[in-house]
1. Can residue B:211 be described as over 27 Å from residue B:28 (Cβ atoms), in contact with a strand residue (DSSP E or B) (Cβ under 8 Å, 6 or more places away or on another chain), buried (at least 20 other Cβ atoms within 10 Å of the Cβ) and touching a residue at least 12 places away in the same chain (Cβ under 8 Å)?
2. Kindly check whether there is at least one residue in the range B:267-276 that is at pLDDT 95 or above, within 16 Å of the chain's Cα centre (by Cα) and within 14 Å of chain A (Cβ to nearest Cβ).
3. State yes or no: is residue A:194 surrounded by 23 or more Cβ atoms within 10 Å (Cβ to Cβ) and within 13 Å of residue A:210 (Cα to Cα)?
4. Identify, by number, the condition in (1) crowded, with 18+ Cβ neighbours inside 10 Å; (2) within 14 Å of chain A (Cβ to nearest Cβ); (3) not in a helix (DSSP H, G or I) that residue B:249 doesn't meet.
5. Residues to consider are A:127, A:93; find the one that is farther than 15 Å from residue A:234 by Cα, in contact (Cβ under 8 Å) with a residue 12 or more places away in the chain and in a helix (DSSP H, G or I).
6. Search the range B:277-289 for residues being on the phi < 0 side of the Ramachandran plot and in a loop (DSSP other than H, G, I, E, B), and hand back the single one that is farthest from the other protein chains (Cβ to nearest Cβ).
7. Of all residues being within 21 Å of residue B:210 (Cβ to Cβ) and without any contact (Cβ under 8 Å) to a residue 24 or more places away in the chain in the range B:98-142, which is nearest to the other protein chains (Cβ to nearest Cβ)? Just the residue, please.
8. Name every residue in the range A:215-242 that is within 14 Å of chain B (Cβ to nearest Cβ), more than 17 Å from residue B:281 (Cβ to Cβ) and part of a helix (DSSP H, G or I), in order of residue number.
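The values are calculated or read from the model by the stated rules, or taken from the named source; none is laboratory data. Because the structure is predicted, anything quoted here is derived from the model rather than measured. Here Cβ is always computed from backbone atoms with ideal geometry, including for glycine, and neighbour counts include all displayed protein chains.
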């Protein structure tokens, strides 16, 4: 397999900007996601949601899922209210991103990818609440988008990337390692380029760039550490890349954990097994939600 | 009577929001190490419902008070734990544990022992009950002996406090319930027909396992067990108080070889029991690792 250099691939990523498949609402959406909640225009969000039938259906499905009390939400507006503005915007964004990958190009199963991404978002959000990180919704968004580069790689080098994922799966090794071997660049690098192009917030860009390499991140970036840990937790449970990664991880000795403890000393006393079991307990629910949102449904929602 | 709701485990959310459930959950965790996360509270609630109806308490708060009453506490907690850990065991009950051993732990052990030219593996099922776990391990090791354990010798120690359990384990006769997760291929390879409903473990399996009655509280016997690579101790420690738990863990720690692992039951934790073991996450399971002498947390394993 010949190695491709990041520089060779850069123009192809640039071209994604003008791809006809990139929904026009991605840009205004990501700008809106950076606003504080009280400045977001509710009617505008409802309008954006209604703009696309699939997205509206997905919001309704999520609002009707057990996590949100399984109420019978019928209108888009009540779904938005039930889910919360930020959550809806995040769904919108992921649905838009889902559409930039042509059906026949997916290297990972789309449901596998979104299970991992949405799973990581929900775990990041939960972890943020557990450790009292001041902005759990930002953690949610960062978790959702941390693997943006996987979509980029899928589009710009489809065949090589399929091979790369196949190799990772059959050797039970991390995807990142396989990318380094087969492509010569990683989803962290390509994701960062596209995220910068799309004007994502600097904090989210940092998460995309450093979630596998926290040692290189600028100092004091709890969001990067948080998503790094959530990503690991998801891959150690049923929310990874759809294959078995042979790994044993001592989270308490993970550098990210040590750095989070520095920002939040109370964490040193956290019962790690209990925290894990809390997240384990949530996994089943997370899987249900992800499937409700992203799996093709045979029966219409009640 | 409230017992019926336990069938479905589907209480109304309003019941689950009763703060008494969280207090009962924490009480169980403090005394046994068994943890019920928020999302599994409905399970706890259905178990409570069974116990509540048995002791004629109508609300979770009343039951909590009953549990906290010194006169009832020990007995009732034990009965409650019986409800929580209910269900006979069966073979291949924890596939993710076996995956972790196959894919992560054995390669580590094989690498370090190969260096010393010491190709021997020793597992211990501490609290083996009627033998499902040690026979699972025996099949697992025999299957691996065709792969990464080629040329290795191994033995399995299977102990329990209960004489009847040990006798049943030695006999190795199992019905469909115990074998429900055992593939036809493995049944054919490692079992013989006992009667029209049951199979019996073949001598090939039995010869790998040494059954013995051991009380984990018995210091003299515990000190004697050495050189273990992996210990399995599932839902046994929950019946010990903190002091005895700590003592058992001290024994386990010295029973294990450096770099060895301890596996507990699902949802069981060692928090505040022993901090020398390192908690390690594997896909789908967690284990406790005994670091080698001179291990430095900063070093990459």
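1. So residue B:211 passes the test.
2. Our first condition is that a residue be at pLDDT 95 or above; within the range B:267-276, this holds for none.
There is no residue in the range B:267-276 that is at pLDDT 95 or above, within 16 Å of the chain's Cα centre (by Cα) and within 14 Å of chain A (Cβ to nearest Cβ).
3. Values: surrounded by 23 or more Cβ atoms within 10 Å (Cβ to Cβ): yes; within 13 Å of residue A:210 (Cα to Cα): no.
Here the answer is no, as residue A:194 does not meet what is asked.
4. (3)
5. Result: A:93 is the single residue among A:127, A:93 that is farther than 15 Å from residue A:234 by Cα, in contact (Cβ under 8 Å) with a residue 12 or more places away in the chain and in a helix (DSSP H, G or I).
6. Of the residues in the range B:277-289, the ones on the phi < 0 side of the Ramachandran plot are B:277-283, B:285-289.
Pick out the ones that are also in a loop (DSSP other than H, G, I, E, B) and you get B:277, B:283.
Values: B:277: 11, B:283: 5 Å.
Per the stated criteria, the residue is B:277.
7. The qualifying residue nearest to the other protein chains (Cβ to nearest Cβ) is B:113.
8. A:215
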